[in-house]
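Quick note: the coordinates plus some simple rules give every number you see, no bench work behind them. All values reported here derive from a predicted model rather than from experimental measurement. Here Cβ is always computed from backbone atoms with ideal geometry, including for glycine, and neighbour counts include all displayed protein chains.
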Amino acid sequence: MGTSALSKKPWWTLPENFHAPMVFHMEEDQEELIFGHGDTYLRCIEVHSHTLIQLESWFTATGQTRVTVVGPHRARQWLLHMFYCVGSQDSCHHDQGLEMLERVRSQPLTNHDLVASISVPPYTGDLSFASRISGNICLSVPQPSPYQVIGCSGFHLSSLYL
């Protein structure tokens, strides 16, 4: 996961992992739950998910934190799914999110983790997540040809799971 299958280069040396960062706003209480008091778990989540995460709590006057994530596409999708589940008021999804959170805090994500996460449809009708996280999510989709321009599909998080 930390290197590209074709080039065997570390993920952070591949420019496509920095195109179209995932950017959204998160409530302070959810930030503390995920990243810990004083962002204690931020570094281990970054290392284990093979991403870079920037938290800017000063960014908004409403007490939300601006979150920017760059890294491999599937890792960003996995984190988004984890954020959704942790913020869900549905107890099953919330518990799943807490399990995912514990996993990414304690060990590196595997390809199996990434594939299993994105194969599960996250929408359950629980719109509580939309009120806890907002912003534009931009995930670049891997292109079939290296000669095509890498695209970006912008989503408003509240409509992402509808």
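The figures follow:
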{"quantity": "Volume of the Cα convex hull of the range 14-120, divided per residue and given in Å³", "calculated": "100"}
{"quantity": "For the range 41-58, Karplus couplings with θ = phi - 60° (6.51, -1.76, 1.60), whole Hz, Gly/Pro x", "calculated": "9, 4, 4, 5, 5, 4, 5, 6, 9, 6, 9, 10, 10, 10, 10, 10, 6, 7"}
{"quantity": "Which of 26, 67, 38, positive extreme of dipole for the range 1-100 (C-beta unit charges)", "calculated": "67"}
{"quantity": "Sparsely packed chymotrypsin sites (Phe, Trp or Tyr not before Pro) within the range 59-106, loop by DSSP, other Cβ within 10 Å at most 16", "calculated": "59"}
{"quantity": "Residues residue 66 and residue 99, FRET efficiency given R0 of 22 Å [Cβ-Cβ distance, rounded to 0.05]", "calculated": "0.25"}
{"quantity": "Average projection area in nm² (convex hull over Cα atoms of the range 21-74, one quarter of hull surface)", "calculated": "3.6"}
